[in-house]
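The values are calculated or read from the model by the stated rules, or taken from the named source; none is laboratory data. Since the structure is predicted, the reported quantities are computational estimates derived from the model, not experimental observations. Cβ sites come from the backbone with ideal geometry, for glycine too, and all protein chains shown count toward neighbours. Protein only, heavy atoms only, side chains kept; ligands, DNA and RNA dropped before computing areas. Shrake-Rupley method; radii C 1.70, N 1.55, O 1.52, S 1.80 Å.
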Amino acid sequence: MDFPSGSYANTRLLAGDNFRISWTNTDDTISIGIKGKTTGWIAIALSPTLSKGGADLIIGAVTGGQVTLIDSYSPGYSGGHPRDASSGGTDDLYDIRGSESGGVTTIEFKRKINTLDSRDVAFQHGSNPFLFAMGPDDTMASEHSLVGAGEIIIVLTHP
């Protein structure tokens, strides 16, 4: 479940070897790659308090070779994951690509460190806690088959 050598400067392997997050950042932009041992959806939720309520959700799937990646948020512990753009925010993910091979879903994307979107959580210098999850199929509303937490460590030259 590795990314090609040199693709990212940092990586975390979580939930045994079932979920990988890798990243490289500048002071302005972060490139993120996530992999999950599933042929279903995979997601991260940026949340300083590790709470689903108020989290900045990035959820995606690869279906028939086509990548769907949604920039959304969680208004509360339970309920849907409305797209940022449908509730006064903006879709801030770009350079999106993904694949599914050998029972592993891979999604890669970029976004600004601070999007200035009220629906997004800005990355901070130092520890940035997140939740991760994956599902058994590409129906992003389906129940999680794995949930966990981790952290992305960001080093900013000019925090």
- Test: residue in region 63-78 that is more than 17 Å from VAL155 (Cα to Cα), at pLDDT 95 or above, of a type outside the set (Lys, Arg) and surrounded by 19 or more Cβ atoms within 10 Å (Cβ to Cβ): yes
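The rows are residues; the columns are (1) aliphatic (A, V, I, L, M); (2) in a strand (DSSP E or B); (3) touching a helix residue (DSSP H, G or I) at 6+ places or on another chain (Cβ under 9 Å).
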residue: PHE3; (1), (2), (3): no, no, no
residue: LEU13; (1), (2), (3): yes, yes, no
residue: ILE21; (1), (2), (3): yes, yes, no
residue: ALA43; (1), (2), (3): yes, yes, no
residue: ILE70; (1), (2), (3): yes, yes, yes
- Item | Residue check for ASP17: closer than 21 Å to TYR94 by Cβ and acidic (Asp, Glu) | no
- Query: What is the residue count in region 117-127 for residues that are of a type in the set (S, T, N, Q) and either buried (at least 20 other Cβ atoms within 10 Å of the Cβ) or under 20 Å from GLY88 (Cα atoms) (or both)?
  - Reply: 1
- Looking only at region 130-150, count how many residues are open to solvent by less than 30 Å² (accessible area, probe 1.4 Å) and either within 15 Å of SER47 (Cβ to Cβ) or of a type in the set (Phe, Trp, Tyr) (or both). 5
- Message: Exactly one of these conditions fails for GLY36: (1) open to solvent by less than 50 Å² (accessible area, probe 1.4 Å); (2) at pLDDT 90 or above; (3) in contact with a Pro (Cβ under 9 Å, 6 or more places away or on another chain). Give me its number.
- Response: (3)
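Could you please give the count of residues in region 9-33 that are surrounded by fewer than 19 Cβ atoms within 10 Å (Cβ to Cβ) and over 13 Å from THR106 (Cα atoms)?
Initially, region 9-33 is screened for residues surrounded by fewer than 19 Cβ atoms within 10 Å (Cβ to Cβ), giving 9-18, 24, 26-31.
Those still in the list that are over 13 Å from THR106 (Cα atoms) too: 9-17, 24, 26-31.
Number of matching residues: 16.
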- Task: Show the residue pairs that are 6+ apart or on different chains and have beta-carbon atoms under 8 Å apart, the first residue being within region 46-71 and on the phi > 0 side of the Ramachandran plot, the second being among the hydrophobic types (A, V, I, L, M, F, W, C) and open to solvent by 20 Å² or more (accessible area, probe 1.4 Å).
- Result: LEU50/LEU131; LEU50/ALA149
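Suppose we filter ILE153, ILE107, ILE96, ILE58 for residues that are open to solvent by less than 20 Å² (accessible area, probe 1.4 Å), farther than 18 Å from THR39 by Cβ and of a type in the set (Val, Ile, Thr); which single one remains?
ILE58
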- Task: Would you mind finding the one in ALA122, ALA61, ALA133, ALA85 that is more than 24 Å from LEU13 (Cα to Cα) and of a type in the set (A, V, I, L, M, F, W, C)?
- Result: ALA85
- Task: Could you check, for region 129-149, whether at least one of its residues is at positive phi and either free of Cβ contacts under 8 Å to residues at least 40 places away in the same chain or part of a strand (DSSP E or B) (or both)?
- Result: no
